[in-house]
Structures are given as C-alpha cells and as structure tokens.
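Step one of this worksheet: look at the structure below.
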Amino acid sequence: MDTKPTNQKANSKLLEYRRSIDNIDAALISMLAERFKITQKVGIYKAKHNLPPSDKSRESEQIARLRKLSEEAQLDPDFSEKFLDFIIEEVIHHHKKIRSGEE
C-alpha cells in the first residue's frame, strides 16, 4: 500500500495551515505596532500634562472588556488577560521612560 500521495496531501494541508498562521502573525505584529504608536502618543500626552503613567481604572475596564470579547470569540479569557497584562506592563514601562525623558 502506497501512502506517499496521502503524505503529500497531508503535508500540503499542513503548509496551507502554516501559511495562514504566518499571515495572522504578520497581522498581529502590524496591529501591535499601530497600538504602540498610539500608546506612545498617550505617554507623551500624559507626561506633558503631568498625568501618571498608569491608570488602574482604565486597565481594569480594558481587562473586563477583553475577557468579554474573548468569551464571545471562544478564546480562553485567562490567556487573553495574561496577554493584555503583558502589553499594559510594556506600555507603562514606555510611559515611565517618556516621563523621565529617556524616549
């Protein structure tokens, strides 16, 4: 029994899936870059107006909103929260650097 055509078909399908993943990854990077461009402007605004780098109320609202969106999209809300926490930490770090004149 020759399994070669089946393996070729399976490999072709795997490559198709991987190309889709690569496209999604590229879109994610573009979206993150755009998000950080805007948060950079927020950091400059906050520094100019002597506002604190973090806003716990806003962060809580964002986490709750993202958890709801995740549930609706059938994505693990805990994973989404961890992802957003990481992004928020980076944004605050950048805001602190802007405030101190490092950026």
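The values are calculated or read from the model by the stated rules, or taken from the named source; none is laboratory data. These figures come from a predicted structure and were not determined experimentally. We place every Cβ from the backbone using ideal geometry, glycine too, and count neighbours over all the protein chains shown.
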Tell me whether region 3-19 contains one or more residues that are at pLDDT below 95, in a loop (DSSP other than H, G, I, E, B) and more than 22 Å from Glu81 (Cα to Cα). yes
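Do you know which residues across region 49-103 are hydroxyl-bearing (Ser, Thr, Tyr) and assigned to a helix (DSSP H, G or I)?
Of the residues in region 49-103, the ones hydroxyl-bearing (Ser, Thr, Tyr) are 54, 57, 60, 70, 80, 100.
Hits for region 49-103 are Ser57, Ser60, Ser70, Ser80, Ser100.
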Just checking, how many residues over region 44-59 are over 11 Å from Ile88 (Cα atoms) and of a type in the set (D, E, K, R)? 2
Among residues belonging to region 76-103 that are surrounded by 12 or more Cβ atoms within 10 Å (Cβ to Cβ) and among the basic types (Lys, Arg), point out the one that is farthest from the chain's Cα centre (by Cα). Arg99
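Would you mind stating whether Ser100 is among the hydroxyl-bearing types (Ser, Thr, Tyr) and touching a residue at least 40 places away in the same chain (Cβ under 8 Å)? Steps first, answer last, please.
Working: among the hydroxyl-bearing types (Ser, Thr, Tyr): yes; touching a residue at least 40 places away in the same chain (Cβ under 8 Å): no.
For Ser100, the condition - among the hydroxyl-bearing types (Ser, Thr, Tyr) and touching a residue at least 40 places away in the same chain (Cβ under 8 Å) - is not met.
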What are the residues in region 46-75 that are surrounded by 12 or more Cβ atoms within 10 Å (Cβ to Cβ) and acidic (Asp, Glu), if any? Asp55, Glu59, Glu71
